[in-house]
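Step one of this worksheet: look at the structure below.
The values are calculated or read from the model by the stated rules, or taken from the named source; none is laboratory data. Values in this document were obtained by computation on a predicted structure and should not be read as measured data. Here the Cβ is made from the backbone with ideal geometry for all residues, glycine too, and neighbour counts use every protein chain on show. All accessible areas refer to the heavy atoms of the entire protein, side chains included, with ligands and DNA or RNA removed. Shrake-Rupley method; radii C 1.70, N 1.55, O 1.52, S 1.80 Å.
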Amino acid sequence: MASTSARLLALLGLLQSRPDWSGAELAERLAVTDRTVRNDIARLRELGYPVDAVRGPGGRYRLGAGARVPPLLLDDAEAVAVAVGLRQTTATAGFEESAQSALTKLEQVMPDRLRRRLAAIRDASSSGQENTSSNVEDPPTDHATLAAIADAIRDRQGLRAFYREEPVELEPYRLVAWQRRWFLVARTPADGAWAPYRVDWLQLRTPGGRRFTPSPFPGDYTEFVVREVARTGWSVHARITIDAPAEEVLARINPAVGTVEPLPDGRSVLVTGGDSVEIVAVWIGMLGIDFHVTDPPELVEHVRVLAERYARATSG
């Protein structure tokens, strides 16, 4: 064969075509030596494909259970990309069932090592609703870090990491994709505090932390991320008083914009944020309801500049 990878694919195809083969038959079909066949069988096993040795003259081989489907050779990065893409598609209206079906089929095709990784990401992650008006550049997230966190969530294994260069020890519970970023919902064992951590700001350390017994999470993971990130996680965060009840505000905003708190006088507070005052101003301006901005000062100033600009645009 022209290359090892091409020969491995051909070998997999032969093993799937009938129940078992002798080593001599495989060598003849592939035009290689018996020793090369044995080495290639070892390579397939290292990749996670179960190849069983069958007693008989000349040595015989067959694929183990779960390997009778066409081979899908994905490396770790590709497997993570597939899992993430299909996991987020399950939250898209009209595609939930088909995306889940595709995810299940892919798990059956993959070798056991990648199947466990894909399943870990699927079970450990969820997605919040996206705000498509955001023009923030997507931050890079290392696939190996994402996969390692998913494995730790599955195995209830603590994490040791640097978070924005500060050392932290965490009990990982859930990965949440929101606003084109990944967040880890985790608990610090020292004080039991819950917080969302941006995955692209985490640098995992080895060895990891100790195994832990899960504690009940007080609420919904995705809502927690949206609320906490809107409150503290953006470069700009604000509490905007809205002259309308919470129900009316909730009916008008994309849930990805932030959370809404009712006030005793019938008004409400929008807890929101963004990477710039321009983005926050756009979101609150699209409400179509009177609002009051008192902080942060840079947002107050930007809204004042916008008000003057619009006033000039409509002057005689």
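Summary of values
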| read-out | value |
| --- | --- |
| Positions within segment 122-156 being modelled with pLDDT of 80 or more, in contact with a Phe, Trp or Tyr (Cβ under 7 Å, 6 or more places away or on another chain) and open to solvent by 30 Å² or more (accessible area, probe 1.4 Å), in sequence order | 156 |
| Leading residue by the ranking (modelled with the highest pLDDT) among those in segment 178-214 that are of a type in the set (Lys, Arg) and part of a loop (DSSP other than H, G, I, E, B) | 210 |
| Number of the condition not met by residue 159 [criteria: (1) buried (at least 18 other Cβ atoms within 10 Å of the Cβ); (2) at pLDDT below 95] | (2) |
| Test result for residue 147, part of a helix (DSSP H, G or I), in contact with a Pro (Cβ under 7 Å, 6 or more places away or on another chain) and over 30 Å from residue 280 (Cβ atoms) | no |
| Test: residue 18 is open to solvent by 50 Å² or more (accessible area, probe 1.4 Å) and among the basic types (Lys, Arg) | yes |
| Some residue of segment 35-49 being in contact with a strand residue (DSSP E or B) (Cβ under 8 Å, 6 or more places away or on another chain), modelled with pLDDT under 90 and not in a helix (DSSP H, G or I) | yes |
| Selected residue [of a type outside the set (A, V, I, L, M) and touching an Asp or Glu at 6+ places or on another chain (Cβ under 7 Å)] from 218, 196 | 196 |
| Top-ranked residue in segment 188-211 [being of a type in the set (A, V, I, L, M, F, W, C) and closer than 19 Å to residue 147 by Cα; ranked as most open to solvent (accessible area, probe 1.4 Å)] | 201 |
| Scan of segment 261-276 for residues that are open to solvent by 20 Å² or more (accessible area, probe 1.4 Å) and either closer than 17 Å to residue 222 by Cα or more than 25 Å from the chain's Cα centre (by Cα) (or both), ordered by number | 261, 262, 263, 264, 265, 266, 267 |
| The listed residue being surrounded by 14 or more Cβ atoms within 10 Å (Cβ to Cβ) and within 30 Å of the chain's Cα centre (by Cα), out of 229, 293, 303 | 229 |
| Test: residue 258 is touching an Asp or Glu at 6+ places or on another chain (Cβ under 6 Å), in contact (Cβ under 8 Å) with a residue 24 or more places away in the chain and surrounded by 13 or more Cβ atoms within 10 Å (Cβ to Cβ) | no |
| Those residues of segment 162-177 which are more than 17 Å from residue 214 (Cα to Cα), part of a strand (DSSP E or B) and open to solvent by 20 Å² or more (accessible area, probe 1.4 Å), in sequence order | 162, 163, 166, 167, 168 |
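Residues are listed down the side, and each one gets a yes or a no for (1) charged (D, E, K, R); (2) closer than 11 Å to residue 61 by Cβ; (3) in contact with a Cys (Cβ under 8 Å, 6 or more places away or on another chain):
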| residue | (1), (2), (3) |
| --- | --- |
| 16 | no, no, no |
| 21 | no, yes, no |
| 28 | yes, no, no |
| 31 | no, no, no |
| 39 | no, no, no |
| 43 | yes, no, no |
| 46 | yes, no, no |
